[in-house]
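Structure first, commentary second.
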Amino acid sequence: QVQLVESGGGLVQPGGSLRLSCTASDSLSNIYAMGWYRQAPGKQRELVAESTSRGIISYALSVKGRFTISRDQDKNTVSLQMSSLKLEDTAVYYCNAKSSSDYAERRSGYWGQGTQVTVSS
């Protein structure tokens, strides 16, 4: 069982920056992809950014150019640097990890507890 612990959420003004970090408690040997999802009130959870062990990186169109995902497989961490934050980025952000079979079969994988990001003036 992989446990994911997130940190770094908070309150920021529009145009500001935040960095989210996530550490997996288990070895990453079984983890193929790590990334971040978010869920705003009344909306479905959506992919924000994801990085695979093969170096494939995906971003939601709404964050491309503003957010950067980075992953350290040796340290079992994944981070999300968020810049030029907008009001619509307000959501609970969840760290996610998938095995290769989870990724191939489009299963949800493992989730962190979530961290709140609020963009407000």
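The values are calculated or read from the model by the stated rules, or taken from the named source; none is laboratory data. Bear in mind the structure is a predicted one, so any value in this text is a computation, not a measurement. Cβ: placed from backbone, ideal geometry, glycine included. Neighbour counts: every protein chain shown. Each accessible area value is taken on the protein alone, full model and side chains, heavy atoms only, with ligands, DNA and RNA left out. Shrake-Rupley method; radii C 1.70, N 1.55, O 1.52, S 1.80 Å.
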So how many residues does region 8-25 have that are small (Gly, Ala, Ser), modelled with pLDDT of 95 or more and either open to solvent by 60 Å² or more (accessible area, probe 1.4 Å) or not in a loop (DSSP other than H, G, I, E, B) (or both)? 3
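Tally the residues that are assigned to a strand (DSSP E or B), hydrophobic (A, V, I, L, M, F, W, C) and surrounded by fewer than 21 Cβ atoms within 10 Å (Cβ to Cβ), restricting the search to region 93-116.
Applying the first criterion (assigned to a strand (DSSP E or B)) to region 93-116 yields 93-98, 110-111, 115-116.
Narrowing further to those that are hydrophobic (A, V, I, L, M, F, W, C): 95, 97, 111.
Next, only the ones that are surrounded by fewer than 21 Cβ atoms within 10 Å (Cβ to Cβ) stay: 111.
The number of residues fulfilling the criteria is 1.
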Residue pairs, Cβ under 6 Å, 6 or more apart or interchain, first in region 1-26 and without any contact (Cβ under 8 Å) to a residue 60 or more places away in the chain, second hydrophobic (A, V, I, L, M, F, W, C) and open to solvent by 70 Å² or more (accessible area, probe 1.4 Å). List them. Thr23/Val5
Just the residues that are in a loop (DSSP other than H, G, I, E, B) and open to solvent by less than 20 Å² (accessible area, probe 1.4 Å), please, taken from region 26-55. Ile31
Scanning for something over 15 Å from Trp111 (Cα atoms), open to solvent by 50 Å² or more (accessible area, probe 1.4 Å) and of a type in the set (A, V, I, L, M, F, W, C), does region 58-77 turn up at least one residue? yes
What number of residues within region 62-92 are assigned to a strand (DSSP E or B) and either under 17 Å from Gln3 (Cβ atoms) or not hydroxyl-bearing (Ser, Thr, Tyr) (or both)? 11
